[in-house]
Amino acid sequence: MNRRQFLRYSSAWGVSWSLGGLIPSCAQAPPKPDADRAILQGLRIIDPHAHPDQFHHVRPSRIDKTSTLRAIKAAGMAASAFAAVGDLEFFRRSSKISYYSSTKAQLQRIHDLVKAGKVKRVLRSADVPAVVNPGDPPGAILAIEGGDPLDGKSERVDEFYRMGVRIITVVHYRNNELGDVMATWRGLNPGPYNNGLTQAGRKVIARMQEVGMVVDVAHAHSTTLKDIVGMNPKPLLDSHTNPCPTDDLRRCHRQRTWKDMELVAKTGGVICTWPFAYNRPDQQRRTFLDWAREILEMKKRLGMDHVGLGTDGGGGIPRLIEGYRDVRDLARFVAAMQEIGLSPEDIQAYMGGNVLRVLQQCIG
Ligand SMILES: [Zn+2]
């Protein structure tokens, strides 16, 4: 992209770009920190899946700093999910703590951040700040990754709603009381296959829609996803994934097939893509440009209304897009999106506009 095109973007966005950081263009050279903020300025960024500062762990075994409160503020993000891990104790094989107690303890840590004025709780979509000035607390959307702490009881949906939870990812790494997972974790046995959404799962989904929560189908097996879509739900969220080049589920692991993404899109929902890098014979996903080109493909096949960002920051993604250190590097990603010709409107839709629409339709 040349300088004149950049200037056209600038005036279209009504923001003042820091040209010093942009001229070297685009996705290649790392912009200076002040330019990071400048390129992201004017964007209302919402990350619907992250574990900032790995708050879910008391002592993280491996430090993942791709989403920290500090970086979220530096990037000027409007809101980020703070996802408690519902099945955290599943990974600690000898743990005696229940999923329910573990999740409540994790959520308490977010409440402490709210109390300390470090984040602002998002209970309604109107709570997502339109503008976040430096020093303002960003919005925190409370989430639970894995419906395991519900123990199949729909009344627990109400309980977690009262605690401020607005997104629940139905399954994570266990075939739980609600449904089945699409991938296992390092050989851990996920337990018996339910053959799709269970009766308890149906009740839980129905209750989530009634009280005003977003149903997140990330990690859900294709059959479980189909059963959820069959309930004719409000717009669904698939909070962190990316397209699988084949329809062969055995080769897709945590990637979504186009058929399944079409189902999510049909509900009016959003499929969110992450900075996960890999090299496979049929697909290379290594650079900001690879990640951006994928959005272009999703726009063509699903429509721009159905694509969004979901970083899974703090979730320990094994290999990251080259040059992606934390959410501040979304600036470089935005530069790549511009470079391949996505419009300012497309970029805003991806960076938070579409997720905001899902929040409006699901949580009010
Ligand atoms: Zn996660």
_Qualifying residue in segment 249-258 (condition: at pLDDT 95 or above, open to solvent by less than 10 Å² (accessible area, probe 1.4 Å) and closer than 28 Å to residue 42 by Cβ)_ = no
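Kindly indicate which of 301, 319, 325, 293 is within 16 Å of the ligand (Cβ to nearest atom) and open to solvent by 40 Å² or more (accessible area, probe 1.4 Å). Explain how you work it out, then say what you get.
Working: 301 fails: within 16 Å of the ligand (Cβ to nearest atom); 325 fails: within 16 Å of the ligand (Cβ to nearest atom); 293 fails: within 16 Å of the ligand (Cβ to nearest atom).
Matching residue, one of 301, 319, 325, 293: 319.
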*Limited to segment 219-258, what total is found for residues that are touching a Ser or Thr at 6+ places or on another chain (Cβ under 6 Å) and part of a strand (DSSP E or B)?*
1
*asked:* Going by what's in this entry, would residue 308 be described as assigned to a strand (DSSP E or B), modelled with pLDDT of 95 or more and of a type outside the set (Phe, Trp, Tyr)?
replied: yes
_Cβ-Cβ distance below 8 Å, separation of 6 or more or different chains: which pairs start in segment 201-224 with a residue that is within 16 Å of the ligand (Cβ to nearest atom) and end on one that is of a type in the set (Phe, Trp, Tyr)?_
219/173
*asked:* It is to be established whether one or more residues within segment 267-286 are touching a residue at least 60 places away in the same chain (Cβ under 8 Å) and on the phi > 0 side of the Ramachandran plot.
replied: yes
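The values are calculated or read from the model by the stated rules, or taken from the named source; none is laboratory data. Note that the coordinates shown come from a computational prediction; the quantities given were computed from them, not determined experimentally. Cβ atoms come from the backbone with ideal geometry, glycine included; neighbour counts cover every protein chain shown. Ligands, DNA and RNA are stripped out before the accessible areas are found, and what is left, the full protein with its side chains, is counted by its heavy atoms. Shrake-Rupley method; radii C 1.70, N 1.55, O 1.52, S 1.80 Å.
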